[in-house]
Each structure stands twice: as C-alpha cells, then as structure tokens.
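Take a look at the structure below.
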Protein chains: 2
Amino acid sequence: MTDKAKHVLALSGGVGGTKLALGLADELPDGELHILVNTGDDFEHLGLHISPDIDTLLYTLAGLANQELGWGLADESWNTMDSLERLGGETWFRLGDRDMATHLWRRQQLSTGASISEVTALLAQRLGVTAAVYPMSDDAVRTMVHTAAGNLAFQHYFVRDQCRPAVTGFSFEGISAARPNRQVLRRLQDQRVSRVIICPSNPFVSVDPILQVPGLWLALRDNPAPVILVSPIVAGKALKGPAAKMMAELGVPATALGVAQHYCSRYPGLLDCFVIDDSDAELANEIGSLGLQVAISSTIMKSREDKQRLARFTLDILEE
Amino acid sequence: MTDKAKHVLALSGGVGGTKLALGLADELPDGELHILVNTGDDFEHLGLHISPDIDTLLYTLAGLANQELGWGLADESWNTMDSLERLGGETWFRLGDRDMATHLWRRQQLSTGASISEVTALLAQRLGVTAAVYPMSDDAVRTMVHTAAGNLAFQHYFVRDQCRPAVTGFSFEGISAARPNRQVLRRLQDQRVSRVIICPSNPFVSVDPILQVPGLWLALRDNPAPVILVSPIVAGKALKGPAAKMMAELGVPATALGVAQHYCSRYPGLLDCFVIDDSDAELANEIGSLGLQVAISSTIMKSREDKQRLARFTLDILEE
C-alpha cells in the first residue's frame, strides 16, 4: 500500500544509479519519486557549469539518453568539439552539440542568481521529467581523487585520465560548509518519506559525497523510513564504472560484503536492508551479521524490464 | 612600388567591408595588410563574448565563411540552437555548432586575462589568417542604436529586430574611456603606413565607432599616409546592410554624396580620396567640391575577381 503522503527518496550518482532510478520512475505513480543526486562531480569547464550526474539522470528519465555511449544525448553531433580541437581548445571532456545547449542554458539561469536546485527543477520540467530531482546541495562540493600521482579533480581522474591512476583515497572540497538540499531535508523532517533507496552507484564518489553533506546521513538514519541499498558490486565486478577497481586499490574486498562493510563502518545504523545479486547469495550470512536484512534478487539491469523488476523488488521489500 | 616598411591599413566592419578586405589580402604580399576592425558590435550573449565583425573577417580571410548565409561558418550545423530552443533559451542570435567553438575558445582565452587584441591575433593564427587583424580597442565599446522605440543594443536592433525600428541616431557606450589599439597607433606614429583604406562598411555603425575611439581619427588625419574611402552606397543602395535605410531615416541623402558629406563634416581633413561606383559618376563634381579626389570604378564585388580588382584599383590610386 502506497501512502500518498509518503514518497520514495532515491539517492543516485550517474550512469549506474540512474538505471534503477529509471525503473523506480516507471514503477511509481507520478509525483511519488524524489531523487537526491551527487553534485561532487560538477565542475566548471569552458566557462560552463557541468553537472554530469544530474544531466545523466535527467536525460535518462526524459528518454533522451544516448544508449550506445552510455552518457550524453541521443542523436548527438560533435561539431563544436571538432572545431574546438582545430583551434587547440580543450576537448578531453566531450560536450555534444545538443548537450551544449543544456550547459549554456544552465549557465544563463545561474547567472540570474538562481540556485542549482532551482535550475535543476526547471530543467527537469523543460525536459518533461516528472520525478523530483534535487542536487545534494546548492553549495559547491568538489570530489578530489587522491592518487599516487597527486590529487585529481574528479573529471580529470574519471574522463581525462580514464580512471588509470591508482586510488589512495578521496576528499570532498567544500563539504564541511555545504548545506543539504532543503526540500529533501524538510521532507525527511516532516516524515513524508516512506523508504530511502540508495541506487547502485559508486560508494566512494557518488554516494559518499551525498551522505557526507553535513546533517544528511543522520537525517536519513534518524528517520523512520527504512534505508535500502542496492549493491553496485555483483560477483566482484562493478555494475558500471571504477568502483571495483577502487576497492581493490584501497585494499578493500571488491565484493558486496566489502560494500556493506564500507557503509556500516562509515554510517553506523544507516542501512536497514541490502539488496545483493543472486550470484552473491553466499555472502548473505556474513552481510546479515553486520545487522542488515539481506534481500537477494537479480540486480543486473540490461533491459527496461530488468530496471522495472528490480525497482519493484526494492519497493516491495519490508512491505508487510 | 611597395615600400616594404610601409604597409596598408584597412578599416573594416563586418560583411560589406570584409569583401574588400579579402581582395586586399589577395593582392598584397603576406604581412603587408593590417586591418583595424569595429568591435562596437561585440556583446555578451549566453555567457560568451561574441565579436561579430572580427569573426566575419577572420572566417572570410580563412576561406571558412558561409557563402549562402553571408555570415558564420561554412558546413555549419545548428543542433545547439535547436536544443536550446526546446529548453526555452534565447535563440534569436543564431550561433552555429562550429561557430560556437570560436566563442567558447575566446571566452576561455579571455578568462586567463588575455586582451581582445591578443585573443584575436591568436585566433587569426589558429585559423591560418596571415593578415594582421586588430580590434579597434581592447576596451569595451557598445554601439547603441537610437530609435523611436528607445535605445537598442546593436545586435538587438540588427539581428533580433532585423533593422525594423526607424533610426534617430547612435551612441557608443564606453567610447570616451576607450584606448585605441596600441599596435595600430604605434604603426601610425612610426609612419609605417603607406595608405589607409576605409572599406565599404556602414559609416554609422561600423566605421564611426572605429574613428571615434579617442585619438584615432586624428592620428589617421595627421599621418602622411593618404586615406581612401570606398563608398558603401552605390546608386542609392547599400552594398550590404541597413546603411541606406539609416541615411533615409536620418534625413541624409542616401547617396555616395551623403556618405562623403558625413565623413567631411565629422572628420574634417581626414579623407584624401573617395572611390565611387561608375553608376554614381555624376556625383563626382559635387563630391570633389568637398575637397576630395574622386576615383571612379566598378565597386560591386560579387566574385573573388571583383574583390581583387577593386582592391588593386584602390591600392593603385595616388601611386605616381
């Protein structure tokens, strides 16, 4: 039974988490899905404000995402980048011609004094997205990846250097002064959240920045709504991106158990339930011994139906 | 005879003047053409710094100009504008996807503290333009078009409103504090200019802003190099753009004579020679009575050969 006053809050980063977010958007009635998104990947580039995770989520929910590339917009062209390359400009971060409109538009909205939250809400509306999408904070937080070669801004690590440097740790510049998204915080305080679903995003660079915005993870923990994490690691591999590689480099077992240990040690008491893949069923007991309810399902999301099925499974957990 | 130490200085606005500038570039040995360009049309748009006249000139000299449109780049696509329109962004000023690279690149260069002169020189180099191209000033000057409907920024008048409002006058914001391009001023002071050619650009909104940068027109007048103007009005019509319409609205005869009177009254002693079209030959005596030498030629430039022929004609005037 869906309590109309109590909606679902999902936490998500980019591509990996967005798969489940799309399933949730399909499964939930209009207006009942709220998604809090990592903005630690945001950066200024070519004078534009780029919000990779927000854009990936919005494009995905709007049905505009580029399926082949796994990022950016469908039916994209690259003429600006080609010409910029000829001028000797910076082209390591590929901005498609259609995607460019989003960044120009966002920049202009921000220049009028609108907050990232306001701009995101308006962009969602213009793209026809009905889920409520919130940046984790209106304040700038910048994920830094610590490597043997020094500290790298996230996009330099992720896109320019293609995750090659070995990771030694992470920091989130600006996070101690960042205020959590007000609308989400109010919704939690007012107990208008029925469940919290942490999408299968990278624990270190997608979910940690969100949870470490001051006040946020405690607000989630101290709320009656159960918090359900869907494992981003399946059979020792990341669903998407460098999570498994990072875990290995950090000396943490690159398994669903390693993920559970990460969350339980950093955010004690936060998680109520952990969804792991069928192929990791043998880890259930050990994960359970951390004090988590374990739910087992197929968590690989290839088709739209896979996403909807896992979303439904996640929504039905803990329902009496 | 070309004195190697004495080069040609051309003054130009956008499309009209650029035709002759291209002819001059074809006719002169590499390195002997210097072009001082109007930046009164420059404006900030979508967070970018747009320099329409400089870009039109550079694209034309680089062989990259869009011949069909008469502005912008050849082989252009419009995907950013199409997507921006869908987002409800400002699209009245059409920026092509390839052209966008120029503006993003320029913005980034400017953000490092480079001056418009420096950025223009570097852009010319990257595009393979061998003529030296200078903005009239590194300081911001903004052409305002006074109309019955109020004062309009130039691009709002020219592009957004398509020159529809009746003109009552012009002003150039910031011009009293603007310093003329240093390299051009030094070249004049060192008498390293053999002749000055004012290209057939709009007198009011392309050439006036250049000449009215403090010190500039007097430096041209007090220099031994002859100043030759090529009429932008032929048989009562503008070669390009709204010059004739503006003259009519200002109550000035929209003829080559009206153009001569404009320059002689505003800049007494500046002009030495006025090139008018064959079709305006009957105005020669009256123009001559203003104290100008009159040279008559075909001034319509359709083909590349037309441009080269008029350039050669202009360069040969006053040669003994």
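The values are calculated or read from the model by the stated rules, or taken from the named source; none is laboratory data. Model, not experiment: these values are computed from the prediction. Glycine also receives a Cβ, built like all others from the backbone with ideal geometry; neighbour counts cover every protein chain displayed.
Any residue in region B:172-185 that's within 13 Å of B:W217 (Cα to Cα): show its pairings with residues that are in a helix (DSSP H, G or I) and of a type in the set (S, T, N, Q) at Cβ separation under 8 Å, as long as the two are six or more apart or on different chains.
Qualifying pairs under 8 Å: B:N181/B:S117.
Can you report the number of residues in region B:120-157 which are hydrophobic (A, V, I, L, M, F, W, C), within 27 Å of B:H34 (Cα to Cα) and either touching a residue at least 40 places away in the same chain (Cβ under 8 Å) or in contact with a His (Cβ under 9 Å, 6 or more places away or on another chain) (or both)?
The number of residues fulfilling the criteria is 11.
Okay, residues lined up against (1) of a type in the set (D, E, K, R); (2) part of a loop (DSSP other than H, G, I, E, B):
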residue	(1), (2)
B:D280	yes, no
B:K302	yes, yes
B:L310	no, no
B:F313	no, no
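Could you please let me know if A:R186 is part of a helix (DSSP H, G or I), of a type outside the set (V, I, T) and more than 20 Å from the chain's Cα centre (by Cα)?
yes
Could you figure out which of (1) in contact with an Asp or Glu (Cβ under 9 Å, 6 or more places away or on another chain); (2) farther than 19 Å from B:T91 by Cβ; (3) of a type in the set (A, V, I, L, M) isn't true of A:A101?
(2)
Applying the selection to region B:101-118, what residues are touching a residue at least 12 places away in the same chain (Cβ under 8 Å) and farther than 20 Å from B:L11 by Cβ?
B:T102, B:H103, B:L104, B:W105, B:R106, B:R107, B:Q109, B:L110
Please go through region B:35-47 and give me each residue that is part of a strand (DSSP E or B) and buried (at least 23 other Cβ atoms within 10 Å of the Cβ), ordered by number.
Residues satisfying the conditions are B:I35, B:L36, B:V37.
Applying the selection to region B:189-203, what residues are more than 18 Å from the chain's Cα centre (by Cα), within 23 Å of B:G17 (Cα to Cα) and not in a strand (DSSP E or B)?
The one that is more than 18 Å from the chain's Cα centre (by Cα), within 23 Å of B:G17 (Cα to Cα) and not in a strand (DSSP E or B): B:R192.
How many residues are within 18 Å of B:I116 (Cβ to Cβ) and not basic (K, R) when one looks only at region B:154-183?
Going through region B:154-183 one residue at a time, the tally reaches 11.
Can you name the residue in region A:282-300 that is without any contact (Cβ under 8 Å) to a residue 24 or more places away in the chain and part of a helix (DSSP H, G or I) and is also surrounded by the most Cβ atoms within 10 Å (Cβ to Cβ) among such residues?
Here the answer is A:A284.
Condition check: among the aromatic types (F, W, Y) and assigned to a helix (DSSP H, G or I). Does A:F172 satisfy that?
So A:F172 fails the test.
I'd like to know if region B:6-14 contains one or more residues that are buried (at least 24 other Cβ atoms within 10 Å of the Cβ), in a strand (DSSP E or B), of a type outside the set (V, I, T) and touching a Phe, Trp or Tyr at 6+ places or on another chain (Cβ under 7 Å).
Looking for residues that are buried (at least 24 other Cβ atoms within 10 Å of the Cβ), in a strand (DSSP E or B), of a type outside the set (V, I, T) and touching a Phe, Trp or Tyr at 6+ places or on another chain (Cβ under 7 Å), one finds none in region B:6-14, hence no.
Among the residues of region B:219-264, which ones are among the small types (G, A, S) and more than 18 Å from B:Q293 (Cβ to Cβ)?
B:A219, B:A235, B:G236, B:A238, B:G241, B:A243, B:A244, B:A248, B:G251, B:A254, B:G258
Being of a type outside the set (S, T, Y), over 22 Å from A:L46 (Cα atoms) and modelled with pLDDT under 95: is that true of B:D53 here?
no
With region B:207-277 as the region, which helices (runs of 4 or more DSSP H) entirely inside it contain at least 3 residues that are farther than 22 Å from B:F313 by Cα and modelled with pLDDT of 95 or more?
B:208-211, B:216-221, B:256-266
So which pairs qualify, if the first residue must be in region B:40-61 and farther than 21 Å from A:L48 by Cβ, the second must be aromatic (F, W, Y), the Cβ gap must be under 8 Å, and the two must be at least 6 apart or on different chains?
B:G40/B:F154; B:G40/B:F172; B:D41/B:F154; B:D41/B:F158; B:P52/B:W71; B:T56/B:W71
Can you find, within region A:76-120, the residue that is farthest from the chain's Cα centre (by Cα) among those that are more than 19 Å from B:R107 (Cβ to Cβ) and among the polar types (S, T, N, Q)?
Once the filter is applied, the top-ranked residue is A:S77.
Select from region B:216-256 the residues that are farther than 17 Å from B:V205 by Cα, surrounded by 22 or more Cβ atoms within 10 Å (Cβ to Cβ) and not β-branched (V, I, T) and list them in ascending order.
Correct list: B:L220 only.
Do we find a residue being over 18 Å from A:P203 (Cα atoms) and among the aliphatic types (A, V, I, L, M) anywhere in region A:264-282?
yes
Quick check, is B:D99 among the charged types (D, E, K, R) and farther than 15 Å from A:R86 by Cα?
no
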